[in-house]
Amino acid sequence: MIVETLSIKRKHAGLSRKMLADSVGVSTQFIRLIELGVKTPSLKTASKLATVLGCTVDDLLRKRDAS
């Protein structure tokens, strides 16, 4: 789910919420709300997030394994 995956991928990329928000063209608050599960990004924004994070939209939407 994008909620947990976005936060993990952002941290692995060494990006702050502000850095990611600036790269994608959204507010830091919006990134925070996505990570909290309050908001869902549009497909266009999800695509931009995936590009910046070096993954696919599917990677962002896929649930993590419990292992």
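The values are calculated or read from the model by the stated rules, or taken from the named source; none is laboratory data. Only a predicted model underlies this, so the values are computations on that prediction, with no experimental measurement involved. Quick reminder, even Gly has a Cβ in these numbers, built from the backbone with ideal geometry, and neighbours come from all protein chains shown. Quick note on the areas: whole protein, heavy atoms, side chains included, nothing else; ligands and nucleic acids left out. Shrake-Rupley method; radii C 1.70, N 1.55, O 1.52, S 1.80 Å.
Here is the figure for region 15-31: residues that are closer than 16 Å to CYS55 by Cβ and not in a helix (DSSP H, G or I) total 1. Could you say whether any residue in region 55-62 is in contact (Cβ under 8 Å) with a residue 60 or more places away in the chain, part of a helix (DSSP H, G or I) and over 15 Å from ALA13 (Cβ atoms)? Scanning region 55-62, I find at least one residue that is in contact (Cβ under 8 Å) with a residue 60 or more places away in the chain, part of a helix (DSSP H, G or I) and over 15 Å from ALA13 (Cβ atoms), so the answer is yes.
Scan region 4-14 for residues that are closer than 20 Å to LYS44 by Cα and either in a loop (DSSP other than H, G, I, E, B) or open to solvent by 60 Å² or more (accessible area, probe 1.4 Å) (or both) and jot them down. Working first, answer last.
As a first pass, look at region 4-14 and keep what is closer than 20 Å to LYS44 by Cα: 4-7, 9-10.
Answer for region 4-14, where residues must be closer than 20 Å to LYS44 by Cα and either in a loop (DSSP other than H, G, I, E, B) or open to solvent by 60 Å² or more (accessible area, probe 1.4 Å) (or both): GLU4, LYS9.
Could you look through region 15-53, keep only residues that are open to solvent by 70 Å² or more (accessible area, probe 1.4 Å) and touching a residue at least 24 places away in the same chain (Cβ under 8 Å), and pick out the one that is nearest to THR5 (Cα to Cα)? I'd like the intermediate steps shown before the answer.
Initial filter on region 15-53 (open to solvent by 70 Å² or more (accessible area, probe 1.4 Å)): 17-19, 22-23, 29, 32, 36, 38-40, 43-44, 48, 51.
With the extra rule that they be touching a residue at least 24 places away in the same chain (Cβ under 8 Å), the set shrinks to 23, 36, 40, 48.
Values: SER23: 18, LEU36: 11, THR40: 13, LYS48: 15 Å.
If we take residues in region 15-53 being open to solvent by 70 Å² or more (accessible area, probe 1.4 Å) and touching a residue at least 24 places away in the same chain (Cβ under 8 Å), then LEU36 is nearest to THR5 (Cα to Cα).
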